[in-house]
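*Asks:* This is the structure I want to talk about, given as structure tokens.
The values are calculated or read from the model by the stated rules, or taken from the named source; none is laboratory data. Bear in mind that the values here come from a model prediction, so they are computed numbers and not experimental data. Counting neighbours? That spans all protein chains shown, and the Cβs are built from the backbone with ideal geometry, glycine included.
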Amino acid sequence: MLHITSLPQPHVYKTPQGTLQVMHIGHASLLLQLNNLVIYNDPYGEVADFTGFPKANLMLITHEHYDHLDIPELDKICIPTTTIIGTEAVAQALYGTNVLQNGDVFRWNDIVISAVPAYNIRHRRPDGEPFHPKGHGNGYILNIGGFRIYIAGDTEPIPEMSLITSPDIAFLPKDLPYTMSDDMFIEAARMLKPKTLYPYHYFTLDKVALQQALAGINLRTMVNG
């Protein structure tokens, strides 16, 4: 994984509620800035030193695995007024977490945040347990005045994705054995039909091959990992 100490150049989008800047820091770590509001997803110290990065107004944690819930890095960017959203398991490790179960909705600064399923069907541990059991982790949909961002979390293509129709931006993981192969990534993207698609949580990426398989979807990348 590439380790960075400064923010990448953002990709900029217009939403009904203002300008959105999108930064993929690495792995599952995202920074979204809507006007002056700073939103992080799963900051992870193996991809960045978050010292000096903007302080978080909103923190999204998809699940409690060490590469998604990295408390030393959270301590660098969370402040007393930071709103933290996560799962029950996250709340057990991180005081002050607002717990969302799959299907729950949370309203924050005119953004509607929906927790959606994220889980494995095919990929399992040696004992037969899925790497990410159903109902345990979250993906998130952020609805910004009708502009929708889907952060899938650690998941495979799952039936629930068919209900998330044409988000403006989607972040889908691509990493074996924990999330998706290239073919599974393509399957999920074709189900979702996002306007813009970011692969994340990956180690290797053949962007040309993926783009050829996903005609009509704007596939964008920012960092390697």
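*Asks:* Scan region 166-177 for residues that are assigned to a loop (DSSP other than H, G, I, E, B) and buried (at least 17 other Cβ atoms within 10 Å of the Cβ) and jot them down.
*Replies:* Hits for region 166-177 are P167, D168, K174, D175.
*Asks:* For region 180-193, does any single residue satisfy the condition of being more than 21 Å from F147 (Cβ to Cβ), part of a loop (DSSP other than H, G, I, E, B) and hydrophobic (A, V, I, L, M, F, W, C)?
*Replies:* Yes, that holds for at least one residue.
*Asks:* Under the condition of being within 11 Å of P194 (Cβ to Cβ) and not small (G, A, S), which residue from region 140-165 is surrounded by the fewest Cβ atoms within 10 Å (Cβ to Cβ)?
*Replies:* Residue satisfying both the conditions and the ranking: T165.
*Asks:* Looking at region 51-70, is at least one residue modelled with pLDDT under 95, of a type outside the set (G, A, S), on the phi < 0 side of the Ramachandran plot and not in a loop (DSSP other than H, G, I, E, B)?
*Replies:* no
*Asks:* Also: Just wondering, is there one or more residues in region 100-107 that are among the acidic types (D, E) and over 17 Å from Y66 (Cα atoms)?
*Replies:* yes
Results for (1) farther than 26 Å from D175 by Cα; (2) hydrophobic (A, V, I, L, M, F, W, C); (3) surrounded by 15 or more Cβ atoms within 10 Å (Cβ to Cβ), shown as yes or no for each residue.
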{"residue": "I4", "(1), (2), (3)": "no, yes, yes"}
{"residue": "Q9", "(1), (2), (3)": "no, no, no"}
{"residue": "L20", "(1), (2), (3)": "yes, yes, yes"}
{"residue": "I25", "(1), (2), (3)": "no, yes, yes"}
{"residue": "F50", "(1), (2), (3)": "no, yes, yes"}
{"residue": "M59", "(1), (2), (3)": "no, yes, yes"}
{"residue": "I71", "(1), (2), (3)": "no, yes, no"}
{"residue": "K76", "(1), (2), (3)": "yes, no, yes"}
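*Asks:* Could you grab me the full set of residues in region 92-123 that are touching a residue at least 60 places away in the same chain (Cβ under 8 Å) and under 17 Å from the mean Cα position of the chain (by Cα)?
*Replies:* Within region 92-123, I111 is the sole residue that qualifies.
*Asks:* Within region 33-49, how many residues turn out to be in a loop (DSSP other than H, G, I, E, B) and either within 12 Å of the chain's Cα centre (by Cα) or farther than 27 Å from K14 by Cβ (or both)?
*Replies:* 7
*Asks:* When only residues in region 27-46 that are under 21 Å from L197 (Cα atoms) and in contact (Cβ under 8 Å) with a residue 40 or more places away in the chain count, which is surrounded by the most Cβ atoms within 10 Å (Cβ to Cβ)?
*Replies:* A28
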